[in-house]
Amino acid sequence: MLLVIDVGNSNTVLGLYKGTQVVHTWRVSTLQRTTDEFGLMMLQLFAYEGVQVAEIRGVALCSVVPSSIYAIEKACRRYIKRTARVLGKGAHLGMPIRVDNPGELGPDRVVNCIAALHRFQPPFLIVDFGTATTFDAVDASGAYVGGAIAPGLQISADALFQRTSRLPRVEIMEPASPIGTNTVSAMQSGLFWGYVGLVDGLARRCKAQLGTGERVPCVATGGLANLVGRACKEIDDVDEHLTLAGLQIWFDRQSAEEGP
């Protein structure tokens, strides 16, 4: 099995693949863990699902938190006896990156595009609902051409609570009605339906700029993709494991080109 690890600003998602099929996934908070803490956490997760460390043939890692990479790499070597392949600067991506500074592009956004290229004929658009919500555009030639970054829904909710004196912290959920009848339901409506409007409006503009005259598919991923993405008219599919799938594809491609 292949272990894939996607370290985001808020959550770290781990997955185990048999071939191209994901068989186990775990989502944990992204904390500044030591090597031993991360290693023991992995062993506990594996033990809970009855996974033997000897079954793991390799590790693929991408992280938008650079300070976490060293501890995770060391934990993989010490606890599962594997050297992690890290998708970072200088990695062979298998697709052109046509932006002003490719080094600024987050590795999670790259692997999302790698995964989507195996599912869709370009052009297409990806919306990733993470701490920030990112929009990534791939043109008809299969090249990454840029995107957009918006504050994530949880950031928006936190800011509303922190910057006002009388508004409470509320659960993010789809409200029963867009017209709230109390403070909590009104906030939930503004957050949820306002965010749906943001995503649909920006996605529509990005699709228009890709400009092929044909329908541009849009796939959503990330922690809130199932909640918000399914309410968006411009999103055609939701795949919460898109980033993990991209890591699996990238790792196997690298292994075939470079050897184990």
Query - the chain, relative contact order [Cα under 8 Å, separation at least 6], % - result: 18 percent
Report summary line: Applied in sequence order to the range 175-184, the curve 6.51 cos²θ - 1.76 cosθ + 1.60 (Karplus, θ = phi - 60°) yields integer Hz couplings, x standing for Gly and Pro, of x, 5, 9, x, 9, x, 9, 8, 4, 5
Query raised in the report: If you find the alpha carbon centre of the range 119-192 and of the range 9-82, how far apart are they in angstrom?
Result: 28 Å
Query raised in the report: Once you charge only the Cβ atoms, +1 for Lys and Arg and -1 for Asp and Glu, what is the size of the charge dipole of the chain about its Cα centre, to the nearest 20 debye?
Result: 300 debye
Report summary line: The aspartates and glutamates whose Cα lies under 18 Å from the Cα of K81, excluding any fewer than 8 residues away in the same chain, are D36, E37, E55, E73
Query - Residues with amide H under 5 Å from that of C218, placed H, sequence gap 5 or more - result: L125, D236, D237
Report summary line: In the chain the DSSP beta bridges are antiparallel at a rate, in percent to nearest 5, of 60 percent
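Only the coordinates and a few stated rules stand behind these numbers; no lab work does. Since the structure is predicted, the reported quantities are computational estimates derived from the model, not experimental observations. Cβ coordinates were reconstructed from backbone atoms using ideal geometry, including for glycine residues, and neighbour counts include every protein chain displayed.
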